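Novice: Dropping the structure in here first, questions after.
Any read-out appearing in this document is the output of simple, stated calculations on the displayed coordinates, not a laboratory observation. It should be emphasised that the depicted structure is a prediction, and the values quoted were computed from it without experimental measurement. Neighbour counts are summed over all protein chains in view; Cβ atoms, including those assigned to glycine, are modelled from backbone coordinates with ideal geometry.
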Amino acid sequence: MLHRHLVNKTTPLHFLSEQYDVKNSAYLAWDQQDSLLFMWLLSTLSESVLARILRCAQSHRGMKYTSSITRKRMQSSVNSELS
């Protein structure tokens, strides 16, 4: 169920009306789940990566950024071994 937070870049509408007076319960549920997932993701990171990822607002952005860092480090390691 939480997998969609990591791969889906869309979020439910924050409000149900254009007057911004009725909050969308689907958004509230999504936001709570996303916050929990993002907190878990942050708790698994080293301090050096954590400092970089704190600027991400949602879990899918954090996961994408973490994957990018990991990919770059792996490529750098492979290049070093080949040299």
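Novice: Starting at the first residue of segment 11-27, write each ³J(HN,Hα) from the Karplus equation 6.51 cos²θ - 1.76 cosθ + 1.60 with θ = phi - 60°, in whole Hz, x for Gly and Pro.
Specialist: 10, x, 4, 5, 10, 8, 10, 6, 7, 6, 10, 10, 6, 7, 5, 5, 5
Novice: Which distance in nm do the two modelled labels at Asn79 and Leu36 give, with both placed 7 Å along the Cα-to-Cβ direction?
Specialist: Reported label-point gap for Asn79 and Leu36 is 4.1 nm.
Novice: If you scale each eigenvalue of the Cα gyration tensor by 5 and take the root, what three semi-axes come out for segment 22-82, rounded to whole angstrom and sorted largest first?
Specialist: Numbers: eigenvalues 197, 24, 13 Å².
For segment 22-82, the semi-axes come out at 31, 11, 8 Å.
Novice: In addition: Which order do peptides 64-71, 40-47 fall in by mean Cβ count within 10 Å, highest first?
Specialist: Details: 64-71: 13.5, 40-47: 11.4.
Most protected by this proxy first, the peptides run 64-71, 40-47.
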